[in-house]
Amino acid sequence: MTKKLIVANWKMNGSTEKVVHDLSFYTNNEVTNQTNVVIALPYLYLSIANSIKANFCLASQDISQFPTNGAYTGEINATMLKEFNVKYSIIGHSERRTLLGDSGSILVKKLDNVINARIIPIFCVGEELTIRDSGKYLDFILEQLDLLNHLNCQPESLVIAYEPIWSIGTGKIPTLEQITEIANLIDAFVQKYLPHVKIATLYGGSVSASNIADILQLPQIDGVLVGGASLKTDEFAVICTHA
Ligand code: PGA
């Protein structure tokens, strides 16, 4: 049986000391030092992570919409990320969509850039509470998924993370039926439009040591995207024991 994918999203957290401490801890722990464990660090810390010999994989939390070197102040492109052995890139996290202006057209460019560089996108979708309550959440998520029909490059592999915004950082998680409903929607979309792409479907939003077992027993769910709980080494290691 393939192991579940466990992705840590550190967001804008950390310090040199914490990165060295936590990554050394993960390197010395057999459940975390595995290729199915992925750590998405702030860009600055990727070079430290590279100096630590480990089996877990690295991810970026974003990428520039501009593909190549040039006059784009503050940006980081895929070639730069490849130098630091970045295997995955989180694209379209709700915080980037709502706080940092990542529109659909920008996300298509970002997706194309990572796919071109053979970095695996972790593409995030998910609805706000008002949309869920309105009953229109399936259409909303399909519309977000539809960006994948506008790519110039075909990915070989793609990770899609369902992250309901009302669950991120709130401690509220959807029922297993609600998660399954969206995982089935993603699966049907992929079968129809991306039948040759290898897909993994993740759940994200308030994943913790106490709910991980229930979430990962769902056959439609191939892994989790973990925010807050990934900043606590002991809790993250417990989460990884369920992979
Ligand atoms: P959370 O964040 O686990 O803190 O809810 C998840 C995410 O935003 O990816």
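The values are calculated or read from the model by the stated rules, or taken from the named source; none is laboratory data. Note that the coordinates shown come from a computational prediction; the quantities given were computed from them, not determined experimentally. Cβ: placed from backbone, ideal geometry, glycine included. Neighbour counts: every protein chain shown. With ligands, DNA and RNA removed, areas are computed over all heavy atoms of the protein, side chains included. Shrake-Rupley method; radii C 1.70, N 1.55, O 1.52, S 1.80 Å.
So, in the range 72-106, exactly how many residues are away from the ligand (no atom under 16 Å from the Cβ) and part of a helix (DSSP H, G or I)?
If we filter the range 72-106 for residues that are away from the ligand (no atom under 16 Å from the Cβ), which is where we start, we get 72-87, 101, 103-106.
Restricting the remaining residues to those that are part of a helix (DSSP H, G or I) gives 78-83, 104-106.
So the count comes out to 9.
Identify, from the list GLY104, GLY74, GLY92, the residue that is on the phi > 0 side of the Ramachandran plot and open to solvent by 10 Å² or more (accessible area, probe 1.4 Å).
GLY74
For residues that are more than 19 Å from VAL207 (Cβ to Cβ) and either of a type outside the set (Ser, Thr, Tyr) or within 16 Å of the ligand (Cβ to nearest atom) (or both), tally how many sit in the range 26-52. Please lay out each step first, then the result.
Within the range 26-52, the subset more than 19 Å from VAL207 (Cβ to Cβ) is 27-28, 30, 33, 35, 42-52.
With either of a type outside the set (Ser, Thr, Tyr) or within 16 Å of the ligand (Cβ to nearest atom) (or both) added as a condition, the list becomes 28, 30, 33, 42, 44, 46, 48-50, 52.
Looking only at that region, the number is 10.
If only one of ASN69, ASN116 is closer than 25 Å to ILE6 by Cα and over 16 Å from the mean Cα position of the chain (by Cα), which one is it? Spell out the reasoning first.
Values: ASN69 fails: closer than 25 Å to ILE6 by Cα.
Going through ASN69, ASN116 in turn, just one is closer than 25 Å to ILE6 by Cα and over 16 Å from the mean Cα position of the chain (by Cα): ASN116.
Which ones in the range 186-225 are β-branched (Val, Ile, Thr), away from the ligand (no atom under 16 Å from the Cβ) and not in a loop (DSSP other than H, G, I, E, B)?
So in the range 186-225, the residues β-branched (Val, Ile, Thr) come out as 186, 190, 197, 199, 201, 207, 212, 215, 221, 224.
Cutting the leftovers down to away from the ligand (no atom under 16 Å from the Cβ) gives us 186, 190, 197, 199.
Selection gives ILE186, VAL190, ILE199.
One line per residue, one yes/no per condition, for (1) among the hydroxyl-bearing types (Ser, Thr, Tyr); (2) under 17 Å from the mean Cα position of the chain (by Cα); (3) surrounded by 13 or more Cβ atoms within 10 Å (Cβ to Cβ):
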residue: THR180; (1), (2), (3): yes, no, yes
residue: LEU185; (1), (2), (3): no, no, yes
residue: GLN191; (1), (2), (3): no, no, no
residue: LYS198; (1), (2), (3): no, yes, no
residue: LEU216; (1), (2), (3): no, yes, yes
residue: ASP222; (1), (2), (3): no, yes, yes
residue: VAL226; (1), (2), (3): no, yes, yes
residue: ASP234; (1), (2), (3): no, no, no
| note | Scanning the range 24-67 for residues that are hydrophobic (A, V, I, L, M, F, W, C) and assigned to a helix (DSSP H, G or I), the one most open to solvent (accessible area, probe 1.4 Å) turns out to be LEU44
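Among the listed residues VAL207, VAL190, VAL226, identify the single one that is under 19 Å from SER89 (Cα atoms) and of a type outside the set (Lys, Arg). Break it down stepwise before answering.
Working: VAL207 fails: under 19 Å from SER89 (Cα atoms); VAL190 fails: under 19 Å from SER89 (Cα atoms).
Step by step, each of VAL207, VAL190, VAL226 is checked, and only VAL226 is under 19 Å from SER89 (Cα atoms) and of a type outside the set (Lys, Arg).
For the structure I just gave you, tell me whether ASN13 is open to solvent by less than 40 Å² (accessible area, probe 1.4 Å) and either closer than 21 Å to GLU163 by Cβ or in a loop (DSSP other than H, G, I, E, B) (or both).
Spelling it out, it is not the case that ASN13 is open to solvent by less than 40 Å² (accessible area, probe 1.4 Å) and either closer than 21 Å to GLU163 by Cβ or in a loop (DSSP other than H, G, I, E, B) (or both).
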| field | Hits in the range 126-145 (condition: open to solvent by less than 60 Å² (accessible area, probe 1.4 Å) and free of Cβ contacts under 8 Å to residues at least 60 places away in the same chain) | value | GLU127, ILE131, ARG132, GLY135, TYR137, LEU138, ILE141, GLN144, LEU145
| note | So, first residue basic (Lys, Arg) in the range 1-28, second residue within 16 Å of the ligand (Cβ to nearest atom) and not in a loop (DSSP other than H, G, I, E, B), Cβ within less than 8 Å, six or more apart or across chains; the pairs are LYS4/LEU216; LYS4/GLY223; LYS4/VAL224; LYS11/GLU95
